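All of the numbers you see were taken from the coordinates with simple rules; none came from a lab. This one's a predicted model, so the numbers in the text were calculated from it and none came from an experiment. No Cβ is skipped: glycine too gets one built from the backbone with ideal geometry, and neighbour counts run over all protein chains shown.
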Amino acid sequence: MSDHYRGRFAPSPTGPLHLGSMACAMASFLDARAHDGAWLIRIEDIDPPRDIPGADKDIIDTLGRFHLSSDEPILWQHDRYDHYQAAFDSLVHDGRVYGCSCTRSQIKTRSEELGLPGGIYPGTCRSGASADARSWRFRTDAEPIAFVDRACGPYTQSVEKEVGDFVLKRADGLWAYQLAVVVDDADQGMTHIVRGRDLLDNTPRQIALQRALGVPTPSYLHIDLVLNNSGQKLSKQQGAARVPTEAPLSVLEALWLHLGGEKIGADSLDAFWSIAAQLWGRRYAR
Ligand code: GLU
């Protein structure tokens, strides 16, 4: 294995591994193996109010039932606060961060006054850090961010207009996902990110942060989500069922079809992974 390809699966330990997260684990693993690269597990436990004690071990054990294990020691985000602080400090130094005193309801009221769609920060605290800052935001700029996703194709977003200045450090003092994921992907030398399509529209924020921090931008591939019977994304927080492990091969075959493959019919997990990686490599050569 070499440094030319480093990929990861980065679950948040907010519940057991469900079929949706298993599909992401599978796709990221196959992409790494197809490139003869390294596949790492990183536990994204930076949100104690949402994290469930023991879910990290449970996820790692479940992955093991499918013969998936990290090629390097697993990284836990709770060990990484100093690194997030250092990146934050350098962004502060460069004038890219400001304190924000807005509550959720103030943001909502102001957005409505300005006629902005929901979820966009209206920039209330942009010109003048208020003394009573609750959270800390990244100052976005006007340049739209464009990248080519390996599955979804070209994608462009004006982070400033479509998202607004986003939070790096939350009002409860916790680090935001956007900062943590960028710092860890960079420090771990990740070259390829394979994850669910729900994060496609987060990617421009991450690229904006990579540019501000002067770190490389990996390549991205966002896979289709696994939906439940009502067409909603499976989510650990909403109690999606644990992926069944009694017949792991049939689960893998089903997820493989979901990812657009054709029936493999392997007689062992290891045979499945090896055939699937070859087929994956033909489809996603880059
Ligand atoms: N921790 C995130 C999640 O479980 C995934 C982050 C990522 O792959 O960038 O949804």
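Computed over every Cα-Cα pair of region 169-254 and binned at 10 Å starting from 0, the pair-distance distribution P(r) comes out as 14, 35, 31, 18, 2 percent.
Left without a cysteine partner by the 4.7 Å Cβ rule in the chain: 24, 102, 152. Taking the Kirkwood radius as Rh and the Cα radius of gyration as Rg, region 231-286 has a ratio of Rg/Rh equal to 1.04. Ranking of 270, 141 by neighbouring Cβ atoms within 10 Å, starting from the fewest: 270, 141.
Lysine pairs in the chain whose alpha-carbon atoms fall under 29 angstrom of each other, counting only those eight or more residues apart or on distinct chains, come to 13. Put in line by how crowded their Cβ is, counting other Cβ atoms within 10 Å and starting with the fewest, 147, 138, 88 read 147, 88, 138. Any idea what % of Cα-Cα pairs in region 160-201 are farther than 15 Å? Here the long-distance tail beyond 15 Å is 58 percent of all Cα pairs in region 160-201. Local charge for residue 81 was computed over the other residues whose Cβ lies under 12 Å away, with Lys and Arg +1 and Asp and Glu -1, and equals -2.
Counting only C-alpha contacts under 8 Å and six or more residues apart, can you give the relative contact order of the chain as a whole percent? 24 percent.
Exposed loop sites here mean GluC sites (Glu not before Pro) with a DSSP loop assignment and at most 14 other beta-carbon atoms within 10 Å; the chain contains its longest site-free run at 1-245. Where does the charge balance sit around residue 251 when Lys and Arg score +1, Asp and Glu -1, over other residues with C-beta under 14 Å from its C-beta? Cβ neighbours under 14 Å give a net charge of +1.
In region 1-131, the alpha-carbon atoms span a convex hull of 180 Å³ per residue. Compactness check for the chain: Cα Rg over 2.2 N^0.38 Å is 1.05. A cut-off of 5 Å between modelled amide H atoms, ignoring neighbours fewer than 5 places along the same chain, links residue 193 with 219, 220, 221. Quick check on the chain: of the DSSP beta bridges with both residues there, what percent are antiparallel, nearest 5%? Close to 55 percent. Cβ crowding within 10 Å, taken as a proxy for footprinting-reagent exposure, orders 100, 152 from fewest neighbours to most as 152, 100.
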